[in-house]
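Throughout, read-outs are computed from the coordinates displayed, never taken from laboratory work. Everything quoted here is computed from the prediction, not taken from an experiment. Note that we place each Cβ from the backbone using ideal geometry, even for glycine, and neighbour counts take in every protein chain shown.
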Amino acid sequence: MFYKLIAAALATAALSGCLAKTALDVATLPVKVASKTVDAVTTSQAEADQKRGRELRKREQRLGELKRDYDKQAKKCFGGDADACARRDKLGAEIAQLMPLVPAEPN
């Protein structure tokens, strides 16, 4: 009988701690959900800077490719290839369109 009373007292103490933890979890759940939603929806300044940097590097890389192709086509055009002249002009137009999107290098 005495052991049953001690076991019942221990079980009650353990359950009360468990119930308190559950009540705390239930009370803080809306805050946790809201903060995760805000984190998922918003973009931090660092993330925005990284994204802008990636986009800028892609544009710079594309501009470099276009300039190399332009130089190759200009050389062929100078050699008398009319198709190369047309490709060179098309590349020049694409370069002119992309140039304003790439910032100038600081001196």
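Here is how the numbers come out for the structure above:
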quantity: Computed label-point distance, nm, for sites Thr37 and Leu63 using a 7 Å Cα→Cβ extension; calculated: 4.2
quantity: Whichever aspartates and glutamates have a C-alpha closer than 17 Å to that of Lys36, once near sequence neighbours (fewer than 8 apart) are set aside; calculated: Asp25, Glu47
quantity: Label-reachable residues, the range 50-74, where backbone N falls under 14 Å from a point 7 Å from Glu94's Cα toward its Cβ; calculated: 59-74
quantity: The range 55-102, relative contact order [Cα under 8 Å, separation at least 6], %; calculated: 46
